[in-house]
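Okay, structure first, notes after.
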Amino acid sequence: MANYVERHSLIGKRALVTGASRGLGAQIATLFAEAGADVALVARDEEGLHQTKATVEAGGRQALVIAADLGTTEGPREAASTALEHFGAIDILVNNAGIVHLESLREATIDHWDETMAINLRAPFLLARELAPRMIEQGSGKIVSISSVAGVRGLPNHGAYCASKGGLQMLNAVMVAEWSRHNIQANVIAPTVVMTDMGKQVWSDPAKSGPMLDRIPMGRFGEPVEIADLALFLASPASDFVCGQVIEIDGGITQTLGNAT
């Protein structure tokens, strides 16, 4: 039996990570490269992508920058096509890119609703659909989608976000129903607040973060590397029998408070 390092290795693998210009996506891409993968980096912020690329290449791995607007129908398709043309195949897809507009249901705009659904839900569908045929052909693949505890519990002022993340989890379930027979494992990570740039923007005010922290049994928010570590496990051979799971990484909040997130 292979040792534990080999079981968690991504040597020889090619990954595509969305939202890789900063925050959680950059952390995941960097960790995957440290584990041996070459990485296609996808986001709108080309400057940020080149910063991630420099970090990946400093560790001796190959990084491909793909500037794409995942909010359009063509952006995800073109990103997938570019990655396939460059690498030949993508072994690991990480659907990380996401946005949130904080507004009540009565105040939510149609434009914000549509933008959230396009980036958080439609883009993962389009990317998976474009990349899956090659995974099926080679008889293996990993799909890791970053959702949220807001995908399983309702959160005020997060209507579109909650709906998109809940939809992402059901999309994952259908991927499992259709593709697991081809040795493709699709799983979802559902974190609570993570202190990325976006997390800090939303939760840096103590008046808002204090009550939320009081409800998390561990008394703190998550760190990007903690989510990236789980993504690495789900992308590695160590998780080959883990399929169709929604893994809540939340300091215990969903287990202790039920719907009161």
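Readers should treat all values here as calculations from the given coordinates under stated rules, not as data from a laboratory. Small disclaimer: the values here were computed from a predicted structure and weren't measured. Note that each Cβ is placed from the backbone with ideal geometry, even for glycine, and that neighbours are counted across all protein chains shown.
At a glance:
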{"item": "Derived scalar couplings ³J(HN,Hα) [the range 213-230; Karplus, 6.51 cos²θ - 1.76 cosθ + 1.60; whole Hz; x for Gly, Pro]", "result": "4, 5, 8, 8, x, 6, x, 8, 8, x, 10, x, 5, 5, 6, 5, 4, 5"}
{"item": "Dipole of the range 1-93, positive end: most advanced residue of GLY71, GLY36, ALA83 [Cβ charges, Cα centre]", "result": "GLY36"}
{"item": "R0 of 35 Å, Cβ-Cβ distance ARG134-GLU34: FRET efficiency to nearest 0.05", "result": "0.90"}
{"item": "For ILE143, residues with placed amide H under 5 Å, excluding near neighbours", "result": "LEU93, GLN185, ALA186, ASN187"}
{"item": "Neighbour-limited loop hits for trypsin sites (Lys or Arg not before Pro), the range 2-79 (at most 15 other Cβ within 10 Å; DSSP other than H, G, I, E, B)", "result": "none"}
{"item": "Cα centre as origin, Lys/Arg/Asp/Glu Cβ charges: the chain dipole, Debye", "result": "480 debye"}
{"item": "Length released on extending from ASN3 to GLU107, taking residue separation times 0.36 nm less the Cα-Cα span", "result": "32.0 nm"}
{"item": "Sorted peptide list for 63-69, 81-87, criterion being average Cβ within 10 angstrom, highest first", "result": "63-69, 81-87"}
{"item": "Gain in span if fully extended, VAL242 to VAL174, counting 0.36 nm per residue against the direct Cα distance", "result": "22.9 nm"}
{"item": "Backbone HN-Hα couplings from phi across the range 58-65 [Karplus 6.51/-1.76/1.60, Hz, Gly and Pro as x]", "result": "5, x, x, 9, 8, 10, 10, 8"}
{"item": "Long-range lysine pairs (8 or more apart or interchain), the chain, Cα under 28 Å", "result": "10"}
{"item": "Net length gained if the chain between VAL225 and MET212 were fully extended (0.36 nm per residue, minus Cα distance)", "result": "2.6 nm"}
{"item": "Dipole axis of the chain (+1 Lys, Arg; -1 Asp, Glu on Cβ), positive-most option in ALA150, GLY251, PRO211", "result": "GLY251"}
{"item": "Nonlocal amide H pairs with GLN245, under 5 Å, H built at 1.01 Å", "result": "VAL188"}
{"item": "Inter-site label distance for ASP205 and ARG44 at 7 Å from Cα along Cβ, in nm", "result": "2.3 nm"}
{"item": "Range of Cα positions in the chain per principal axis (Å), largest first", "result": "47, 42, 38"}
